[in-house]
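K.L.:
Below is one structure. I have some questions about it.
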Amino acid sequence: FAASVAALLCFDVGPQVQLSVLSGILHEGGHVFSLLLLGERPQKICFGLFGLTVLRRNDIKLNYKNEIITAFCGPFVNIAICVCALLFYLNYRDNQALFSAVAINAALALFNLLPVSGLDGGRILECVLLKRFSVEKSEIILCVTSLVVLIPLTVAGFLTLVKSRYNFSLLLLSVYLLILLAFKGLK
């Protein structure tokens, strides 16, 4: 894992890609840090197609409040980086890296907080729902909410691709989340 990230950061992929990878690592670090503070050890950290994933042992489950805290800690790290970079950017307006750090971390935080199954916001919503409703009703509400968010997001991704003729990232991510949602529904 560390070697993959180090190799990626060494290639001339541009500062935005490097900042995105670093921001993703710090985002997942927020989750890991919160888990450690709450007394749980992650099983492993995986580098996947759309970023990093913290895998936990199946036999350990935090209470809903701590699950919400853990889910929020990743986006919180991105929000903190965004605010710090923005404060520096206000003093050094000609620094493109600071502007990129603001934009990338704001986008990561906002996207991850969407109430979509598979994202931090979906996990937060799931925990809130499970405190109030049965598992079945919570799953239905989460699935419908995810679709209500993902369908317009997928359309926006398609329109972005058509307009730009090259930017397929939002469309790909939306379709990926729709596929995850479909597989979750089949279980």
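The values are calculated or read from the model by the stated rules, or taken from the named source; none is laboratory data. Keep in mind that this is a model prediction, so the values were computed, not measured. Reconstructed Cβ throughout: ideal geometry from the backbone, glycine too, with neighbour counts over all protein chains shown.
K.L.:
Which of the helices (runs of 4 or more DSSP H) found entirely inside the range 73-173 contain at least 1 residues meeting this: assigned by TED's automatic domain parsing to the domain that holds His31? Write out each step before concluding.
P.N.:
Values: elements: 96-112, 120-132, 135-164.
Answer list for the range 73-173: 96-112.
K.L.:
Hey, could you check the range 45-67 for residues that are of a type in the set (A, V, I, L, M) and exposed (fewer than 11 other Cβ atoms within 10 Å of the Cβ) and say which is modelled with the lowest pLDDT? Let's see the steps before the verdict.
P.N.:
First, the residues of the range 45-67 that are of a type in the set (A, V, I, L, M): 45, 49, 52, 54-55, 60, 62.
Restricting the remaining residues to those that are exposed (fewer than 11 other Cβ atoms within 10 Å of the Cβ) gives 49, 55.
On the way: Leu49: 60, Leu55: 76.
Filtering first and then ranking leaves Leu49.
K.L.:
Check Leu98, Leu114, Leu159 and return the single one that is over 16 Å from Tyr64 (Cβ atoms), over 18 Å from the mean Cα position of the chain (by Cα), surrounded by 14 or more Cβ atoms within 10 Å (Cβ to Cβ) and not β-branched (Val, Ile, Thr).
P.N.:
Leu98
K.L.:
Scan the range 23-40 and tell me whether some residue there is outside any helix (DSSP H, G or I), modelled with pLDDT of 90 or more and not assigned by TED's automatic domain parsing to the domain that holds Leu119. Working first, answer last.
P.N.:
First, pick out the residues of the range 23-40 that are outside any helix (DSSP H, G or I): 38-40.
With modelled with pLDDT of 90 or more added as a condition, the list becomes 38.
Now narrow it down to the ones that are not assigned by TED's automatic domain parsing to the domain that holds Leu119: 38.
Yes, the conditions are met somewhere in the range 23-40.
K.L.:
Are any of the residues in the range 74-90 of a type in the set (Ser, Thr, Tyr), touching a Leu at 6+ places or on another chain (Cβ under 6 Å) and more than 28 Å from Leu153 (Cα to Cα)?
P.N.:
Narrowing the range 74-90 to residues of a type in the set (Ser, Thr, Tyr): 89.
The next check asks that each one be touching a Leu at 6+ places or on another chain (Cβ under 6 Å); those that pass are 89.
Narrowing the set further to residues that are more than 28 Å from Leu153 (Cα to Cα) leaves 89.
Yes, some residue in the range 74-90 is of a type in the set (Ser, Thr, Tyr), touching a Leu at 6+ places or on another chain (Cβ under 6 Å) and more than 28 Å from Leu153 (Cα to Cα).
K.L.:
Right, next: Answer with yes or no whether Ala3 is modelled with pLDDT under 60, exposed (fewer than 11 other Cβ atoms within 10 Å of the Cβ) and more than 23 Å from Leu172 (Cβ to Cβ). Steps first, answer last, please.
P.N.:
Details: modelled with pLDDT under 60: yes; exposed (fewer than 11 other Cβ atoms within 10 Å of the Cβ): yes; more than 23 Å from Leu172 (Cβ to Cβ): yes.
Yes: the conditions hold for Ala3.
Let's see how each residue does on (1) free of Cβ contacts under 8 Å to residues at least 24 places away in the same chain; (2) under 26 Å from Ser23 (Cβ atoms):
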{"position": "Ala101", "(1), (2)": "no, yes"}
{"position": "Gly122", "(1), (2)": "no, yes"}
{"position": "Glu126", "(1), (2)": "yes, yes"}
{"position": "Phe133", "(1), (2)": "yes, no"}
{"position": "Cys143", "(1), (2)": "no, no"}
{"position": "Leu147", "(1), (2)": "no, no"}
{"position": "Ile151", "(1), (2)": "yes, no"}
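K.L.:
If you don't mind, there's one more thing I want to ask. Just one of the numbered conditions (1) within 26 Å of Ile81 (Cα to Cα); (2) touching a residue at least 60 places away in the same chain (Cβ under 8 Å) is not true of Ser174; which one?
P.N.:
Checking Ser174 against (1) within 26 Å of Ile81 (Cα to Cα); (2) touching a residue at least 60 places away in the same chain (Cβ under 8 Å), the one that fails is (2).
K.L.:
For the range 139-175, which residues satisfy the criterion of being among the charged types (D, E, K, R) and either under 14 Å from Gly122 (Cβ atoms) or at pLDDT 95 or above (or both)? Give the steps one after another, and end with the answer.
P.N.:
First pass over the range 139-175, keeping only residues among the charged types (D, E, K, R): 139, 163, 165.
If the condition is that a residue be among the charged types (D, E, K, R) and either under 14 Å from Gly122 (Cβ atoms) or at pLDDT 95 or above (or both), then Glu139, Lys163 are the ones that fit.
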